[in-house]
1. Can you give the Kirkwood hydrodynamic radius for segment 84-193, in Å, rounded to one decimal and based on Cα pairs?
2. Normalised by the number of residues in segment 64-140, what is the relative contact order in percent for Cα pairs under 8 Å and 6+ residues apart?
3. So for Trp145, Trp232, fewest C-beta neighbours within 10 Å to most, what's the order?
4. Considering amide H positions built from the backbone, and no H for Pro or chain starts, which residues 5 or more places from Cys311, or on another chain, come under 5 Å of its amide H?
5. Taking only the alpha-carbon positions of segment 34-143 and ignoring solvent, what does the Debye formula give for the base-10 log of I(q)/I(0) at q = 0.11 Å⁻¹?
6. Who wins for biggest fluctuation among Leu255, Leu205, Leu135 in a Gaussian network model of the chain, springs between alpha carbons below 10 Å?
7. Over the Cα atoms of segment 254-300, what radius of gyration and what Dmax do you get, in Å?
8. Over all distinct alpha-carbon pairs, what is the Kirkwood Rh of segment 214-346 in angstrom?
Amino acid sequence: MPEASRRLHGRTLAELKDHLPALSALCSLTPLRYWEGPERDVFAVQVVTGSGFEYTVLPDRGLNIAHARFRGIPLDWSSGTGVRPPAAYESAGWKWLRSFHGGLVHMCGLDNVGKPCVDPEAPGDNKEFGGHGRLGSTPAREVSWRTVERGGWVELEVSGKLHQTSALEESLLLERIVRSECGGNRLTLRDRITNLGHLPTPVFLLYHCNLGFPLLSGASRLFLPCDSARDWQGEPVPDPEALLPPQEEALETVLYPEVSEEQVTVSLFNPELEGGMGLYLSYRRSELPCLTVWKCFRKRTYVLGIEPGTCRVEGRTVEKRRVRELARDESCEVNLEIGLRFGKGK
């Protein structure tokens, strides 16, 4: 968009500078550490765009994104565990859940996604893989944050590198840049994964996006870009977009929408919130060919998971036939956009 047409509170960038001692009065990046409880000493960067949209990047926790809000309204779902430090991660079985904080984006991978499993064909001595892998609990290196003028406007950036490696096994590097515009209602993730190891290595990757109340309610509508979906037993799901209010007894359900479009957009819209507000995810199917939807509509555990990935959530032994292997020094890139929409439609 041309510089002259970009405005915030009715002002161009030049006019905003004339009105303020510093642009950080409107949009800001604030590094912080949690002070007490299970979160104590976890490092984070709070991003405030100036439109009312804000979120927190967690370099100590896989560069996950948590505490997303719009004008104080929570957008994501947070579990009761709190944002625990990386040392709290437990790899066996589903003990991953002991430190699963939820959040807008929780990273899963890179050696397993979904069910815990034993893979006798895995290289090296490690044949056991815990649920959803260790990526979301891996602390980042070379973390930086900055505001930058680009294209006549201001962008906020947080970046870092996640190195998942073993002394004698895989060595995968994920480099991430999180971006938002000053005055904007969206964020973009750009991830680049490189195999630094000697052997070809599969890349299991899942973006576990967790949405909760008040964006999610019995009045909300889910929009999936598919005509059909199947559950994890392979059975057809008659209404994959169905949502419910919190239930006294409700089982978790997982379904796999059958998506054919290259540019995939999934959205959750609540017509009763702020006169109509929704959140969308957009990405390329060539980068993230699989989509998983997780529904847990129990009272006090009320959450909708929208989870694009390189595979489904059946675990490494099943999913390794789907994922791409990277040769030595080979890279792949993933781009994901998450944003807000307003109005009476989706």
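1. Mean inverse Cα-Cα distance, inverted, gives 15.8 Å.
2. 32 percent
3. Final ranking by Cβ density, sparse to dense: Trp232, Trp145.
4. Residues meeting the criterion, in which the H sits 1.01 Å from N, are Leu205, Cys290.
5. One equal scatterer on each Cα of segment 34-143 leads to -0.38.
6. Among Leu255, Leu205, Leu135, the largest GNM mean-square fluctuation belongs to Leu255.
7. Rg, Dmax (Cα atoms, Å): 13.4, 37.
8. Computed over segment 214-346, the radius equals 16.1 Å.
A short reminder: the numbers here are calculations on the coordinates, not readings from a lab. Just so you know, these numbers come straight off a predicted model, no measurement behind them. Virtual Cβ from ideal backbone geometry, glycine too; neighbours counted across all protein chains shown.
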